[in-house]
1. I need every pair where a residue in the range 103-122 that is of a type in the set (Phe, Trp, Tyr) has its Cβ under 9 Å from the Cβ of a residue that is open to solvent by 50 Å² or more (accessible area, probe 1.4 Å), sequence separation at least 6 or different chains.
2. Taking the range 173-183 only, how many residues are part of a helix (DSSP H, G or I) and either out of contact with any Phe, Trp or Tyr (no Cβ under 8 Å at 6 or more places or on another chain) or open to solvent by less than 10 Å² (accessible area, probe 1.4 Å) (or both)?
3. Report yes if some residue within the range 8-19 is closer than 22 Å to Gln157 by Cβ, part of a strand (DSSP E or B), of a type in the set (A, V, I, L, M) and at pLDDT 95 or above; otherwise report no.
4. Would you say Gln52 is modelled with pLDDT of 95 or more and within 23 Å of Pro132 (Cβ to Cβ)?
5. Just to be sure before I move on: is Arg79 modelled with pLDDT under 95 and open to solvent by 40 Å² or more (accessible area, probe 1.4 Å) in the structure I sent?
6. Among the residues of the range 44-57, is any assigned to a loop (DSSP other than H, G, I, E, B), in contact (Cβ under 8 Å) with a residue 24 or more places away in the chain and under 30 Å from Lys25 (Cβ atoms)?
7. Quick check on my filter: what residues within the range 126-147 are open to solvent by 50 Å² or more (accessible area, probe 1.4 Å) and either of a type in the set (Gly, Ala, Ser) or on the phi < 0 side of the Ramachandran plot (or both)?
Amino acid sequence: MRTVPFILASASPRRKQLMEQIGLKPEIMPSFAEEKVESTDPRQVVLSLSAQKAEETASRTEGPAVVIGADTVVAAEGRILGKPGSFQEAEEMLTLLQDNVHEVYTGVTVIWKGEQEKRISFAEETRVKVYPMSKEEIRAYIATKDPMDKAGAYGIQGPFAAYIQGIKGDYNNVVGLPVGRLYQELKRLGCIEEEKND
């Protein structure tokens, strides 16, 4: 199905699983890019950071390869929420998200290193509605430590699923990689050969 190796510029086990789910088995080569943010617009932030990650990893890649960089942020009431630095910060973020609607943006940059370099970047947005949560429920969730390595202080695929009222858009985008869109873009670029029925 594939013509060249896929390299994921991320150590995220969730992104790796999502790629494997659609039949792409990526090599893992996390980016060492110093992330520079020059915008307050969440869509521009994830596009820029995904490009920085893909470019840094691509610079260390030899031979033909398809390098994929991704970055996810949560935005609520005009604020970009990254990964919480402390339990207190996680509590502040979750207090903002509970009984409210927020957006999750994932930016993806694909760099196809071959005879000619091709690249694309895109960003997906998913809207998420969270049920009301009491202070006790927020603190109990933080005590699981699940929020600490996740943008917006929650993972939709973990215990926090109990508080998800609904989503509009791609669920996998909230997990960390809009693989449906990624697959279609890879096909459009020519990185994936379509199976032909004889």
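The values are calculated or read from the model by the stated rules, or taken from the named source; none is laboratory data. None of the values given here were measured: they were computed from a predicted structure. Neighbour counts run over all protein chains shown; Cβ positions are idealised from the backbone, glycine included. Ligands, DNA and RNA are stripped out before the accessible areas are found, and what is left, the full protein with its side chains, is counted by its heavy atoms. Shrake-Rupley method; radii C 1.70, N 1.55, O 1.52, S 1.80 Å.
1. Short answer, once both residue conditions are applied: Tyr105/Arg43; Tyr105/Ile80; Tyr105/Glu125; Trp112/Pro64; Trp112/Lys118; Trp112/Arg119; Phe122/Arg181.
2. Of the range 173-183, the ones part of a helix (DSSP H, G or I) are 173-175, 179-183.
Among the residues that remain, those that are also either out of contact with any Phe, Trp or Tyr (no Cβ under 8 Å at 6 or more places or on another chain) or open to solvent by less than 10 Å² (accessible area, probe 1.4 Å) (or both) are: 173-175, 179-180, 182-183.
Number of matching residues: 7.
3. If we filter the range 8-19 for residues that are closer than 22 Å to Gln157 by Cβ, which is where we start, we get 8-19.
So of that shortlist, the ones also part of a strand (DSSP E or B) come out as 8.
Next, only the ones that are of a type in the set (A, V, I, L, M) stay: 8.
Filter once more, keeping what is at pLDDT 95 or above: 8.
Yes, some residue in the range 8-19 is closer than 22 Å to Gln157 by Cβ, part of a strand (DSSP E or B), of a type in the set (A, V, I, L, M) and at pLDDT 95 or above.
4. Spelling it out, it is not the case that Gln52 is modelled with pLDDT of 95 or more and within 23 Å of Pro132 (Cβ to Cβ).
5. yes
6. Step one: filter the range 44-57 for residues assigned to a loop (DSSP other than H, G, I, E, B), giving none.
No.
7. The answer is Arg127, Lys129, Tyr131, Pro132, Lys135, Glu136, Glu137, Arg139, Ala140, Ala143, Thr144.
Conditions (1) among the aliphatic types (A, V, I, L, M); (2) closer than 23 Å to Ser86 by Cβ; (3) more than 16 Å from the chain's Cα centre (by Cα), marked per residue:
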residue	(1), (2), (3)
Glu136	no, yes, yes
Pro147	no, yes, no
Val179	yes, no, no
Arg188	no, no, yes
